[in-house]
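Engineer: Take this structure first; my questions come after.
The values are calculated or read from the model by the stated rules, or taken from the named source; none is laboratory data. Keep in mind that this is a model prediction, so the values were computed, not measured. Cβ placement follows ideal geometry from the backbone for every residue including glycine, while neighbour counts extend to all protein chains displayed.
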Amino acid sequence: MRAGDDHGQKMLSLVQSYIKAVDTMNYRIGRVVMYGIFLMMAILLWSSISKTFFVPSLWTLEVAQFAMVAYYMLGGPYSIQMGSNVRMDLLYGEWNDHRKAQIDAMSVFFLIVYLIFLLWGGWESFQYSISYGGERSPSVWRPYLWPIKAIMLVGIFLMLLQAISELFKDILRIKGHDMGAKV
């Protein structure tokens, strides 16, 4: 075995380990977070009940919005992994797996660039929220915003890790490695 082959095998093993670790982590997080829909339903149900029978709660709308943000941001990587993103199937459905992998690799590359900028802006916003005595919502309830911004940062970071995993999978498909059909 040549040194180049050995290096290539180590690199392939490293990439496959990354894919497995990120996919496993985001799968588990996504499976837990998907039950957040019930949390949102409970919050909104309480909102309706309290407005009808008791004194309306000030916090319900914002907590429901925060729960939706967490649900969306932490569930995004799972969605990407499961192939639940929207595609224009007009041409895509007719292409072979190699062509799909090429197009997906280009798309995911642009997604990665976007997520890097989004992560950078999110970090700036999070720092601002903490540094000025704790940024608060302008509502009557006035909750601190840094916790939801932290959740958004984690979600964007996990989505970036998943997008890199998807890029690696597409590159491996292009090179002829069997990664299974993309969902």
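Engineer: Inside region 55-103, can you point out the residues that are under 22 Å from residue 26 (Cβ atoms), in a loop (DSSP other than H, G, I, E, B) and not β-branched (Val, Ile, Thr)? Lay out the reasoning, then the answer.
Structural biologist: Restricting attention to region 55-103, the residues satisfying the condition of being under 22 Å from residue 26 (Cβ atoms) are 66-87, 100-101.
Now drop any that are not in a loop (DSSP other than H, G, I, E, B), which leaves 83-87.
Answer for region 55-103, where residues must be under 22 Å from residue 26 (Cβ atoms), in a loop (DSSP other than H, G, I, E, B) and not β-branched (Val, Ile, Thr): 83, 84, 85, 87.
Engineer: Can you name every residue in region 115-153 that is at positive phi and small (Gly, Ala, Ser)?
Structural biologist: At the first step, the residues of region 115-153 found to be at positive phi are 133-134, 142.
133, 134, listed by residue number.
Engineer: Which residue is modelled with the lowest pLDDT, if the candidates are limited to region 104-134 and must be outside any loop (DSSP other than H, G, I, E, B) and over 21 Å from residue 77 (Cα atoms)? Step through it out loud before you land on a result.
Structural biologist: First, pick out the residues of region 104-134 that are outside any loop (DSSP other than H, G, I, E, B): 104-131.
Cutting the leftovers down to over 21 Å from residue 77 (Cα atoms) gives us 124-125, 127-131.
On the way: 124: 96, 125: 95, 127: 95, 128: 93, 129: 92, 130: 92, 131: 89.
Residue satisfying both the conditions and the ranking: 131.
Engineer: Note down all Cβ pairs under 9 Å where the first residue falls in region 125-145 and is among the acidic types (Asp, Glu), the second is surrounded by 12 or more Cβ atoms within 10 Å (Cβ to Cβ) and part of a loop (DSSP other than H, G, I, E, B), and they're at least six residues apart or on different chains.
Structural biologist: 135/145
Engineer: Find the residue count for region 23-59, including only residues that are polar (S, T, N, Q) and either surrounded by 14 or more Cβ atoms within 10 Å (Cβ to Cβ) or under 20 Å from residue 142 (Cβ atoms) (or both).
Structural biologist: Total meeting the criteria: 4.
Engineer: For region 4-61, what are the residues that are at pLDDT 90 or above and among the acidic types (Asp, Glu)?
Structural biologist: Across region 4-61, the qualifying residue is only 23.
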